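All remarks here apply to the structure that follows.
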Amino acid sequence: MSADVPADVPVDVRGLVKRFGRTAALDGLDLRVEQGEIHGFIGPNGSGKTTTLRVLLGLIRPDAGHVRVLGGDARRDAVELHRRMAYVPGDVSLWPDLTGGEVIDFLGALRGGLDVARRDALVERFALDPTTRSRAYSRGNRQKVALVAALSSDVELLVLDEPTTGLDPLVDAEFRRVLGEERDRGRTVLLSSHVLSEVEALADRMTIIRRGRTVESGSLPELRHLCRTTVTAELAAPVPRTDDLAGVHLGEVRGRVVVCDVDPAAMDGLMRRLSAAGIVRLEVRPPSLEQVFLAEFAPTTREASA
Amino acid sequence: MTGGPPGAATLQSWTGGGVLLRRALHRERVRLPVTVAALAGTAALSAAATDALYVDPAERGAAVGAITASPALLAMYGPLSGDGAAGALALWKLGVLGAAAAAVVAVLVVVRHTRAEEDGGRTELVASAGAGRWAPTAAAGLTATTFAAGLTLVTATALAAAGLGWGGALAFAATWGGAALVFAGVGLLTAEIAGSARVATTLAVLGVVAAYLVRAVGDATGGTSTWMVWVSPLGWGERVDPFGARHWWVLAIPPAVALTLLGAALAVRGRRDLGTGLLHARPGRAEASPLLRGPVGLAVHRERGLFAVATAAFAVVGAVAGSVTSQLGGMLDSVRMRQVVTALGGAHAMSDAFLVAEFGLLASAASLVVAAAVLRMAAEERSGRADAVLSAPVGRARWFLAHLGVAAAGGLVMLAVGGAAAGVTHGTATTGTEVVRLTAAALAQAPAVLFVACLAAAGYGLARRSVPLVWLVVAGLVTVAELGPVLGAPSWVLDLSPFTHVPHLPGGAVDVAAVLATLAVAIVIAGVGAAAFRQRDLA
Ligand SMILES: Nc1ncnc2c1ncn2[C@@H]1O[C@H](COP(=O)(O)OP(=O)(O)O)[C@@H](O)[C@H]1O
Ligand SMILES: [Mg+2]
């Protein structure tokens, strides 16, 4: 591989293509995860998240593209790489006649043993009953079993495919805390999701994909440049004209209340205009990831509404 | 969906049953016709082949006498219908066993469309789309009824085509259909009671085994014990006496019992929550046993139930075969019977020929069990459980060979236990040497079983979707082995089957080169499969 790529980049994917029959599930996807970060991997259902993660695990073979995981080849070096990474699939399926505890220990044993104290602590924190047979577990509980198994093994890279689907809010919150602790311990986490709030709160950087292609990648502040801040203001005087200001998109005017979306560059001009009319109340909402997401996935509706 | 808007369907209703039935029949469109054809074909071939061996009525009478005098034979196959009438002798061996096979198929069908769907979460989906509570049960029941009716009609037609009278053919075929119907009802009920598809299937299949054993005791002891035949659903077929008195009214019992069981199943279903059963799972261990450490430990854990049941069955069959051989005297008085037995095994000593035939049967059965165990890999892959193991530091080849190795070892244990059990009941003064001799004889079939295991593994390794094809090939090899020699198949057909190339012990010659060649081909095939599996996508 090229010399400028350090061997310890946890995930380095460029131009990844994967076809199933005639449909291309991945169509030139790029993904780069840096050491020690929580990386959000976001896209709508069917956009290729699971396919990408399974390529990283060597479970499926890419048709084209450059794929390096922890400095190795995902397929050829699979066994060695898997000692240093753990995977939680999106739809966890367990052996029905094994208990959750047995599954956790078994998956740990495949890695040469797990941290027993950590396992017990996680079982406690996730409120998991390890004596229940897997067939009786709900989806959320199966997810917890897989998470405990992955989190209590000593690995550098955690690959989690929509891990919180099915978790109840309390466990979800606990999971976020645990993930923060993992980052503090220096682990790298690749976390796929279509639940944006989850990634927004957790991720250091993120990659947004759509139809098997990377649309954007960066930290949340970087991505926010893509997106308009929503300003709601109640004024003392009638709402002034704003249509001459480039980058201000008028939403609606209700009496003396105005709502508009503002490009970052146009904020200053808008504020001057509004304060001239006398601001009674002002609400400035930074773009949520939801909006970044919508901006990426529905550019036409956005254009139409502007 | 045919139902009204979601939520409009009342709890106790059949709404949506038609859609579910169509879906179920579509899913079974290959499996059930193939099963029906296999059972009906076996019956027709037996009818055609065996009657050709008994042209002389006197010899027929001798064979009949031998069978009726042997409690072991009566226990295993049931009594002869109508003193040696045409067809009776031909289908004697198939009556109870065929009914049991049809019963097991019916159980698998109904559980597949009820509890297994529920385990997979699809029942909930269907219910939320407006299907009534009773619809899945009704659809599964009707699917099984279709199977039972099809089996009856096709088998009767095949037997008639093979030269039997229509009355006997229809009555005989209906005993199979009846058994399927009753155990479809049993399956529907256990599907409601048990907490999972696996437990439901196990309970219902244990029911089939119990029915078989109860009537076996009844038949063997005779006289005052006939009530044991009457309480067993597999005994009703005998009571129909298809080639003798032909009691048609007995055939009314299975549908009546099946309907009663259906009612009971619906009653339980109305009372329980979706996703639960009446039997609650006991809590298990919080930590894994040290044996459950790697792919081999997991494969052993997955397959041990299957192999325990199969090994127990082999012990029983082996023991019965051993004791039957020591009672062969009377039976072999008939020249024709002598020919039957030798046709099954070759020109060896009589009792040895019988054992060779039995061990051949055991090897065929073992290879089916072993293939099922090997192909469990496909279920592991489809469910995503293989992902969990193979995303740990476990190489593909290691996982693949662990399954193959465990399945092969299980097959060897089954053969050894079957042979040893035959040795125990066969020998009298020299039990020790008999056990060793017959264990070795049974194990002589092992290369063929290992060959089937490797072939199944290779098929799976090449593509998960090839599994149905693998089953067809395995069934073909077993059929050639079991029926080929009796039907006088050309030698190139026989040579295709690995069962042709193993030593037929006791008594036969040991062709070391053929054994080694069989094993070598098996290993090469398995190696090709493992290599392909390492390359391909998991899906
Ligand atoms: N084994 C497969 N065979 C055929 N198509 C597949 C397979 N796996 C995924 N796909 C298709 O690839 C696309 C991406 O799927 P996936 O990676 O599961 O998306 P996501 O995880 O983002 O929801 C989808 O259109 C899906 O239908
Ligand atoms: Mg997915």
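Observations, loosely collected:
- Long-range tail of P(r) for segment B:455-532 (Cα pairs > 21 Å, %): 37 percent
- The alpha carbon centroids of segment A:28-48 and segment B:348-418 are separated by 42 Å.
- Percentage of interatomic Cα-Cα distances in segment B:351-455 larger than 23 Å: 39 percent
- Listed peptides A:205-213, A:266-274 by packing density, highest first (mean Cβ within 10 Å): A:205-213, A:266-274
- Carbon and sulfur %, accessible surface of chain B computed with the full protein complex present, 1.4 Å: 70 percent
- Charge sum, other residues only, whose C-beta stays under 11 Å from A:ARG185's C-beta, Lys/Arg counted +1 and Asp/Glu -1: -2
- Take chain A with all the other protein chains still there, run a 1.4 Å probe, and you get 43 Å² of accessible area per residue.
- If R0 is taken as 60 Å, the Cβ-Cβ distance between A:ARG241 and A:ASP8 corresponds to a FRET efficiency of 0.60.
- If a spin label sat at a point 7 angstrom from the Cα of B:TRP249 along the line to its beta carbon, the backbone N atoms of segment B:78-121 nearer than 20 Å would be those of B:82.
- Estimated purely from DSSP H runs of n ≥ 4, each contributing -39500 (n - 2.57), the mean residue ellipticity at 222 nm for the protein assembly as shown is -19500 deg cm²/dmol once divided by its residues.
- Evaluated with a Cβ-only charge set (Lys, Arg +1; Asp, Glu -1), segment A:130-187 carries a dipole of roughly 300 debye about its Cα centre, given to the nearest 20.
- With the simple spin-label model, which puts each label point 7 Å out from Cα in the Cβ direction, the A:THR23 to B:ALA161 separation comes to 4.2 nm.
- Spacing of the two label points (7 Å from each Cα toward its C-beta) at B:LEU516 and A:ARG176, in nm: 7.0 nm
- Mean per-residue shielding of peptide A:81-91 is 3, counting Cβ atoms of other chains within 10 Å of each Cβ.
- Highest to lowest packing among B:241-247, A:95-101, B:352-358, scored as the average C-beta count within 10 Å: B:352-358, A:95-101, B:241-247
- Peptide B:389-402 has a mean of 5 when you count, residue by residue, the C-beta atoms of other protein chains within 10 Å of its C-beta.
- Cα centroid of segment A:103-124 to Cα centroid of segment B:160-185, whole Å: 56 Å
- Counted charge near B:GLY419, where neighbours are those whose Cβ lies closer than 11 Å (Asp, Glu -1; Lys, Arg +1): -1
- Quarter the surface of the alpha carbon convex hull of the protein assembly as shown and you get the mean projected area, 43.4 square nanometres.
- Selected from A:GLU162, A:GLU80, A:GLU216 as most flexible by GNM, with chain A as the system and alpha-carbon contacts under 10 Å: A:GLU80
- Charged side chains reduced to their Cβ positions (Lys and Arg at +1, Asp and Glu at -1) give chain B a dipole of some 1640 debye around its Cα centre.
- Dipole magnitude for the protein assembly as shown: computed about the Cα centre from +1 point charges on Lys and Arg Cβ and -1 point charges on Asp and Glu Cβ, it is near 760 debye.
- Peptides B:209-222, A:143-156 ordered by average Cβ neighbours within 10 Å, highest first: A:143-156, B:209-222
- Local net charge near A:ARG281, Cβ-Cβ under 14 Å (Lys/Arg +1, Asp/Glu -1): +1
- Computed over the alpha-carbon atoms, segment B:49-278 gives an Rg to Rh ratio of 1.05, Rh here being the Kirkwood radius from the mean inverse distance.
- Overall form of chain B per C-alpha gyration tensor (a/c, 1.5; a/b vs b/c): oblate
- From the largest down, segment B:293-539 spans 63, 38, 28 angstrom on the principal axes of its Cα atoms.
- Stokes-Einstein diffusion for segment A:40-144, with the hydrodynamic radius set to the Kirkwood value over Cα pairs and evaluated at 37 °C in a medium of 0.692 mPa s, equals 209 µm²/s.
- Average beta carbon contacts from partner chains per residue of B:282-294, 10 Å cutoff: 6
- Helix A:139-151 axis versus longest C-alpha principal axis of chain A: approximately 70°, rounded to the nearest ten.
- Between B and A, accessible area buried - total, square angstrom, nearest 100, 1.4 angstrom probe: 3200 Å²
- Surface composition of chain A: carbon and sulfur make up 51 percent of the accessible area, probe 1.4 Å.
- Segment B:293-539 - accessible surface per residue (Å², probe 1.4 Å): 38 Å²
- At a threshold of 30 Å², the residues of segment A:31-78 that become less accessible to a 1.4 Å probe in the full protein assembly than in their chain on its own are A:ARG54, A:LEU59, A:ARG61, A:ARG75.
- What the Cβ-Cβ distance of A:ARG185 and B:ARG465 gives, at R0 = 25 Å and to the nearest 0.05, is a FRET efficiency of 0.05.
- Antiparallel %, DSSP beta bridges [both residues in chain A], to 5: 70 percent
- Cα Rg over Rh - segment A:15-80, Kirkwood: 0.95
- For segment A:163-203 and segment B:56-131, distance of Cα centres in Å: 55 Å
- Residues in segment B:36-41 carry Karplus couplings, in order, of 4, 4, 5, 5, 5, x Hz; the curve used is 6.51 cos²θ - 1.76 cosθ + 1.60 with θ = phi - 60°, and Gly or Pro positions show x.
- Positive-end residue, the protein assembly as shown charge dipole about Cα centroid, Cβ charges, pick of A:VAL189, A:ALA25, A:PRO130: A:ALA25
- Cα-based shape type of segment B:382-523, given that a ≥ b ≥ c are square roots of the gyration tensor eigenvalues and the cut on a/c is 1.5: oblate
- Whether segment B:203-302 is rounded, prolate or oblate, judged on the alpha carbon gyration tensor where a/c under 1.5 counts as rounded: oblate
- Here the label points at B:TRP227 and B:ARG27, each 7 Å from Cα along the C-beta direction, are separated by 4.2 nm in the simple model.
- Ordering B:GLY294, B:LEU401, B:ALA315 by Cα displacement along the dipole of segment B:293-539 toward the positive end leaves B:GLY294 in first place; charges were set at the Cβ atoms of Lys, Arg (+1) and Asp, Glu (-1).
- If R0 is taken as 25 Å, the Cβ-Cβ distance between A:ASP30 and A:ASP77 corresponds to a FRET efficiency of 0.75.
- The protein assembly as shown - share of DSSP beta bridges that are antiparallel (%, nearest 5): 70 percent
The values are calculated or read from the model by the stated rules, or taken from the named source; none is laboratory data. Keep in mind that what you see is a predicted model, and the values were worked out from it rather than measured. Here the Cβ is made from the backbone with ideal geometry for all residues, glycine too, and neighbour counts use every protein chain on show. Protein only, heavy atoms only, side chains kept; ligands, DNA and RNA dropped before computing areas. Shrake-Rupley method; radii C 1.70, N 1.55, O 1.52, S 1.80 Å.
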